[in-house]
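Written below as structure tokens is the structure these notes are about.
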Amino acid sequence: MRVIITEHARKRLKDLRQEKINTADIINAAREIPGKIPTATRFRGFFAKSGRVFDIVAKDIPGGRLVITVIGK
């Protein structure tokens, strides 16, 4: 499955709250979600390789799975 990360989500990775979360962590998290996501939904409790916990907001679109934002804990 193709994972598309919005510019907003990429920009948030530079914030202190999301430090040590990288693009590969987001792609792996998005691919772990089973089924279809028809509306933007928050998924909680993913772990980055660094050990940081984060949530993502994602939605399925015709081009793949769109990751709208990332929320670090």
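The values are calculated or read from the model by the stated rules, or taken from the named source; none is laboratory data. Just so it is clear, the structure is predicted and the values come from calculations on it, not from any experiment. Neighbour counts are summed over all protein chains in view; Cβ atoms, including those assigned to glycine, are modelled from backbone coordinates with ideal geometry.
Okay, here's what the table says:
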read-out: Candidate set: segment 34-60, residues that are surrounded by fewer than 17 Cβ atoms within 10 Å (Cβ to Cβ) and among the aliphatic types (A, V, I, L, M); chosen: the one farthest from residue 72 (Cα to Cα); value: 40
read-out: Scan of segment 5-39 for residues that are in contact with a helix residue (DSSP H, G or I) (Cβ under 9 Å, 6 or more places away or on another chain), of a type in the set (A, V, I, L, M, F, W, C) and over 17 Å from residue 50 (Cα atoms), ordered by number; value: 5, 9
read-out: Matching residues in segment 51-68 - criterion: being out of contact with any Leu (no Cβ under 8 Å at 6 or more places or on another chain) and among the acidic types (Asp, Glu); value: 55
read-out: Residue ID - nearest to residue 65 (Cα to Cα), chosen from residues in segment 1-14 that are hydrophobic (A, V, I, L, M, F, W, C) and assigned to a loop (DSSP other than H, G, I, E, B); value: 1
read-out: Test: residue in segment 56-71 that is in a loop (DSSP other than H, G, I, E, B), at pLDDT 95 or above and polar (S, T, N, Q); value: no
read-out: Qualifying residues in segment 45-57 (those that are of a type in the set (A, V, I, L, M, F, W, C) and farther than 10 Å from residue 29 by Cα) - the one nearest to the chain's Cα centre (by Cα); value: 57
read-out: Residue match in segment 34-50 (condition: among the polar types (S, T, N, Q) and touching a Leu at 6+ places or on another chain (Cβ under 8 Å)); value: no
read-out: Of the criteria (1) assigned to a helix (DSSP H, G or I); (2) of a type outside the set (Val, Ile, Thr); (3) free of Cβ contacts under 8 Å to residues at least 40 places away in the same chain, which one residue 49 fails; value: (1)
read-out: Candidates 25, 15 - the one that is of a type in the set (Asp, Glu), loosely packed, with under 13 Cβ neighbours inside 10 Å and at negative phi; value: 15
read-out: Qualifying position, being under 10 Å from the mean Cα position of the chain (by Cα), in a helix (DSSP H, G or I) and either among the charged types (D, E, K, R) or within 11 Å of residue 70 (Cα to Cα) (or both), among 17, 42, 31; value: 31
